[in-house]
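Asker: Could you have a look at this structure, given as C-alpha cells, before my questions?
The values are calculated or read from the model by the stated rules, or taken from the named source; none is laboratory data. On a predicted model such as this, the values are computed, not experimentally measured, just so you know. Here Cβ is always computed from backbone atoms with ideal geometry, including for glycine, and neighbour counts include all displayed protein chains. Side chains included, ligands, DNA and RNA excluded: accessible areas come from the protein's heavy atoms. Shrake-Rupley method; radii C 1.70, N 1.55, O 1.52, S 1.80 Å.
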Amino acid sequence: MRVGVLTGGGDCPGLNAVIRGIVRKGTQEYGYDFVGFRDGWRGPLEGNTLPLGIPAVRGILPRGGTILGSSRTNPFKEEDGVRRIKETLAKQEVEALITIGGEDTLGVAARLYEEHGVPCVGVPKTIDNDLSATDYTFGFDTAVGVATEAIDRLHTTAESHMRVLVVEVMGRHAGWIALHSGLAGGANVILIPEQRFDVGQVCAWIDSRFKASYAPIVVVAEGAMPKDGEMVLKDGSTDSFGHVRLSGVGEWLAKEIEARTGKEARTTVLGHTQRGGTPSAFDRWLATRFGLHAIDAVRDADYGKMVALRGTDIVRVPLSDATAKLKTVDPALYAEVGVFFG
Ligand code: F6P
C-alpha cells in the first residue's frame with residue numbers, strides 16, 4: 001500500500017514530528033510505502049512529489065517547519081483542480097492521503113472525501129489552537145513559549161525607560177496565544193479578537209500601572225478590534241481561501257495610547273517568530289502521537305476522519321468537524337484573567 005502525505009497552510013512547529021511518526025510506524029509495523037507531496041495541495045495538483053521513507057525522516061523530530069513544504073493553495077479555486085489531484089494520486093498509486101493542516105487544508109480534505117471519494121485522513125495543526133474538534137493543536141505550546149519569553153524580556157526594557165510596550169501576537173479569530181502568553185508573562189492588559197476593546201479602558205489600566213511605578217505591557221492579538229472601529233489590516237490583500245492579511249493593530253494601539261496618555265509607547269510584533277524554530281517537548285509529543293494514530297486510521301481504512309486530542313486520549317472525529325466550529329476564548333475565562341489588568 002502506498003500512502004501520500006502533505007502539509008498545508010501556515011507552517012507550525014511539530015509538522016516534521018507528525019511526518020516522522022506516520023512514516024516510522026507505517027513502514028515498520030504495516031510495511032507501507034510513502035510519497036510526499038510538496039507545498040500543500042499544490043503538490044498533488046502539479047504532480048510534485050518527493051521520496052518519503054525512514055532515511056528522509058531521520059533527525060527531523062526537533063526541526064521546525066516542514067520537510068514537505070507548505071502553501072495556501074486551494075484546489076477548488078484551480079481549473080480542473082479535483083481531476084488533477086485524482087490523476088496524480090492514481091499515477092502515484094496512492095491509496096490513502098494523510099493531510100496535515102488547519103481549517104482550510106482539512107476543509108479541502110473533507111470535501112475531497114465527501115464529494116469525490118478521495119480516501120483522506122486529517123491531522124489538525126495550527127499555532128492559533130482554534131479548532132474546536134481537538135483540545136489542543138501542536139504548535140500552540142511552542143508559540144506560547146516564544147511569546148512568553150518575549151514578554152519576559154520586554155518587562156525589563158519597559159521598566160528601564162518607563163514606557164508602554166505593546167506586544168502583538170498571532171491569533172486571527174481566537175486569542176489563545178495572547179491569553180496564555182499574556183497570563184504566563186504577567187501582562188497588564190490582554191486584548192483578544194473575541195471581545196472588542198475600549199481604548200479608554202486600556203489607557204485607564206495603563207495609567208494605574210504607571211501610578212504603581214511600573215511600566216505596562218499590553219499583549220494584543222492580531223485579530224483584536226477596538227469597540228468603535230474596524231479590524232486593522234496590513235494591506236487588504238487576501239490568500240486563496242479569502243483570508244485577509246492581518247497585523248497592524250499593535251502599531252495603531254501604541255499611537256492611540258501615546259495620544260491619549262502622553263506616555264511613550266512602542267510596539268513589538270512577534271509575527272513568524274512564533275511559528276518558526278524547534279517545537280517544544282509537548283508539541284513533539286502531541287505531534288508524534290497524532291502521526292501514529294493517523295497511520296492507524298489508514299490501516300483501518302477509516303477515511304474521512306481526523307485525529308484529535310480529548311483529555312489525554314487521541315480519538316478520531318469526522319474531518320468535517322475540523323471546520324464546523326471555531327474554538328474561541330470563553331468570556332468567563334477571559335474575565336478570570338482580568339484581575340491582573342491595570
Ligand atoms: O493560522 C495561523 C496563522 O499563524 C495566523 O495566526 C496568522 O494570521 C496567519 O497564520 C499568518 O500566516 P501567513 O503570514 O503565513 O499568511
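Asker: What are the pairs with Cβ atoms under 6 angstrom where one residue, in segment 300-318, is within 15 Å of ALA109 (Cα to Cα) and modelled with pLDDT of 95 or more and the other, located anywhere, is aliphatic (A, V, I, L, M) and part of a loop (DSSP other than H, G, I, E, B)? Sequence gap at least six, or different chains.
Answerer: GLY304/LEU319; MET306/LEU319; VAL317/ALA133
Asker: Are there any pairs with C-beta distances below 6 angstrom linking a residue in segment 108-129 that is more than 19 Å from GLU78 (Cβ to Cβ) to a residue that is open to solvent by 20 Å² or more (accessible area, probe 1.4 Å) and within 16 Å of the ligand (Cβ to nearest atom), with the two at least 6 apart or on different chains, and if so which?
Answerer: ILE127/ARG275; ASN129/TRP176
Asker: Enumerate the pairs (first residue in segment 204-228 and touching a residue at least 60 places away in the same chain (Cβ under 8 Å); second residue anywhere and among the small types (Gly, Ala, Ser) and open to solvent by 30 Å² or more (accessible area, probe 1.4 Å)) with beta-carbon separation below 8 Å, excluding pairs fewer than 6 apart on the same chain, so at least 6 apart or on different chains.
Answerer: Correct list of pairs: ILE217/GLY186.
Asker: Which of (1) within 12 Å of the ligand (Cβ to nearest atom); (2) at pLDDT 95 or above; (3) in contact with a Gly (Cβ under 8 Å, 6 or more places away or on another chain) is the odd one out, the single condition LEU233 does not satisfy?
Answerer: For LEU233, the exception is condition (2).
Asker: Output the residues belonging to segment 14-39 that are in contact with a Lys or Arg (Cβ under 7 Å, 6 or more places away or on another chain) and within 16 Å of the ligand (Cβ to nearest atom).
Answerer: Correct list: GLY14, LEU15.
Asker: Quick test of your reading of the structure: VAL249 fulfils all but one of (1) within 30 Å of GLN28 (Cβ to Cβ); (2) within 16 Å of the ligand (Cβ to nearest atom). Name the failing condition by number.
Answerer: Of everything listed in (1) within 30 Å of GLN28 (Cβ to Cβ); (2) within 16 Å of the ligand (Cβ to nearest atom), VAL249 misses just condition (1).
Asker: Let me confirm something: among LEU45, LEU52, LEU89, which residue is in contact (Cβ under 8 Å) with a residue 60 or more places away in the chain and on the phi < 0 side of the Ramachandran plot?
Answerer: LEU89 is the lone residue from the list that is in contact (Cβ under 8 Å) with a residue 60 or more places away in the chain and on the phi < 0 side of the Ramachandran plot.
Asker: Which condition number does ARG310 fail, the rest of (1) open to solvent by 60 Å² or more (accessible area, probe 1.4 Å); (2) touching an Asp or Glu at 6+ places or on another chain (Cβ under 7 Å); (3) over 17 Å from ASN129 (Cβ atoms) being met?
Answerer: Here ARG310 clears every test but (3).
Asker: Can you list the helices (runs of 4 or more DSSP H) lying wholly within segment 1-64 that have 1 or more residues being open to solvent by 40 Å² or more (accessible area, probe 1.4 Å) and polar (S, T, N, Q)?
Answerer: Per the criteria, 15-28.
Asker: Would you list the helices (runs of 4 or more DSSP H) that sit entirely within segment 139-212 and hold 2 or more residues that are open to solvent by 50 Å² or more (accessible area, probe 1.4 Å) and closer than 25 Å to PRO62 by Cα?
Answerer: 140-161, 176-184
Asker: Among the residues of segment 226-262, which ones are open to solvent by less than 80 Å² (accessible area, probe 1.4 Å) and assigned to a loop (DSSP other than H, G, I, E, B)?
Answerer: GLY229, MET231, VAL232, ASP239, SER240, PHE241, GLY242, HIS243, SER247, GLY248, GLY262
Asker: If I filter segment 263-274 down to residues being open to solvent by 50 Å² or more (accessible area, probe 1.4 Å) and part of a helix (DSSP H, G or I), which single residue comes out as farthest from the ligand (Cβ to nearest atom)?
Answerer: Checked segment 263-274; the qualifying residue farthest from the ligand (Cβ to nearest atom) is THR273.
Asker: Is segment 49-57 home to any residue that is under 23 Å from the mean Cα position of the chain (by Cα) and either in the same structural domain as LEU286 (by TED's automatic domain parsing) or of a type in the set (A, V, I, L, M, F, W, C) (or both)?
Answerer: Scanning segment 49-57 turns up at least one residue that is under 23 Å from the mean Cα position of the chain (by Cα) and either in the same structural domain as LEU286 (by TED's automatic domain parsing) or of a type in the set (A, V, I, L, M, F, W, C) (or both).
Asker: In segment 97-121, what residues are more than 16 Å from the ligand (Cβ to nearest atom) and assigned to a strand (DSSP E or B)?
Answerer: Selection gives LEU97, ILE98, CYS120, VAL121.
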